[in-house]
Amino acid sequence: MAEKYDVVIIGSGPAGLAAAIYAERAELNSIVIEKNVVSGGQVLTTYEVDNYPGVKGIGGYDLGMKFRDHADGLGATFVEDEVVRIETEGKTKKVVCENDTYETSTVIIATGASHRKLGVPGEEEFSGMGVSYCATCDGAFFRNKTTAVVGGGDVAIEDAIFLARLCKKVYLIHRRDELRGAKSLQKKLMSLENVEIIWDSVVDAIVGEDKVESIAVSNVKTGEKKNLELQGVFVAVGISPNSRMFEGLVEMDGGYIKAGEDCVTSCPGIFAAGDVRTKGLRQIVTAVADGANAITSVERYLAEE
């Protein structure tokens, strides 16, 4: 007979890892299903984390490893697999994956979110050949070259600041006339001499032969078009929740799973934590808090069964 878990945690980003830690401390029979080889989620692609209390200025990869080491130290169980769907049979849930199926009383969905695409000609063609969604992962390949960052939020500004340390020239292309990122980041960005902001503009196409050579840009107010010669394009236009496999199972809002601070969803025994749920602020610290809250809700649910 297959083992039945108290809770199956889907995802091993900050929310999933925090849930794993709290599950072990609560002595719940739990397992974490992670799609990727390395735990940590989006934090792994962050060059420097300077807003997580108690660990100022830590590298994103290092912080992710600390979370995983903590979970490992408490005895958390991890398996590498990809979830296909969740089946509900009364109070028992089946988490169906590509390689195996896991029976459980409760599920925590902590699948996070993925980078949005521009959807312009050349983007898919040159992905990995000059188009990137992670400046900290790929920035070193463009040392002393010219690059562009597309976006206007915190991530876009952070990417431009990071690339400015390596690149000869960095364009920041934003469709509006003001940035959305934190004022402290904007101030730092504006002080960099090798960064040029292209306001009120969008990328129409990414152009090249075997790799990126230029981008076609147009001004959304004046209609003016121009080409910028460069070697790299870093896309930072937001994220989309990784929730498609759960459509029809739980209520959603714009792809995000509807759940409050207690992480309770519309389906009894299923909880959502981290970037995949509806929330006002998506940061590492709020994802970790979700992981803790989700396990608390799991305990309450199990006690009431």
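Out of Gly280, Gly208, which single residue is assigned by TED's automatic domain parsing to the domain that holds Tyr133 and not aliphatic (A, V, I, L, M)?
Gly208
Please go through the stretch 188-200 and give me each residue that is assigned to a helix (DSSP H, G or I) and farther than 20 Å from Arg143 by Cα, ordered by number.
Those that are assigned to a helix (DSSP H, G or I) and farther than 20 Å from Arg143 by Cα: Lys188, Met190.
Give the residue, chosen from Glu82, Glu48, Glu34, Glu89, that is outside the structural domain of Ala160 (by TED's automatic domain parsing) and more than 30 Å from Gly139 (Cα to Cα). Steps first, please.
Details: Glu82 fails: more than 30 Å from Gly139 (Cα to Cα); Glu48 fails: more than 30 Å from Gly139 (Cα to Cα); Glu34 fails: more than 30 Å from Gly139 (Cα to Cα).
One residue alone meets the criteria, Glu89.
Considering the stretch 264-287 alone, what residues qualify as being surrounded by fewer than 23 Cβ atoms within 10 Å (Cβ to Cβ) and either of a type in the set (Asp, Glu) or in a helix (DSSP H, G or I) (or both)?
Val285, Thr286, listed by residue number.
Of the residues in the stretch 222-240, how many are on the phi > 0 side of the Ramachandran plot and touching a residue at least 24 places away in the same chain (Cβ under 8 Å)?
1
Count, please, the residues in the stretch 49-74 that happen to be touching a residue at least 40 places away in the same chain (Cβ under 8 Å) and in a loop (DSSP other than H, G, I, E, B).
Matching residues across the stretch 49-74 total 4.
Report yes if Arg277 is under 28 Å from Lys56 (Cβ atoms) and modelled with pLDDT under 95, otherwise no.
Spelling it out, it is not the case that Arg277 is under 28 Å from Lys56 (Cβ atoms) and modelled with pLDDT under 95.
For Val38, state whether it is farther than 20 Å from Tyr102 by Cα, in a helix (DSSP H, G or I), of a type in the set (A, V, I, L, M, F, W, C) and within 18 Å of the chain's Cα centre (by Cα).
Answer is no for this residue.
Table: residues versus (1) surrounded by fewer than 14 Cβ atoms within 10 Å (Cβ to Cβ); (2) part of a helix (DSSP H, G or I); (3) more than 25 Å from the chain's Cα centre (by Cα).
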| residue | (1), (2), (3) |
| --- | --- |
| Val155 | no, yes, no |
| Gln186 | no, yes, no |
| Val202 | no, no, no |
| Asp210 | yes, no, yes |
| Ile215 | no, no, yes |
| Thr222 | yes, no, yes |
| Leu228 | no, no, yes |
| Val233 | no, no, no |
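The values are calculated or read from the model by the stated rules, or taken from the named source; none is laboratory data. In this text the structure is predicted, and so the values were computed from the model without any measurement. Ideal geometry is used to build each Cβ from the backbone, glycine not excepted, and the neighbour counts take in all protein chains shown.
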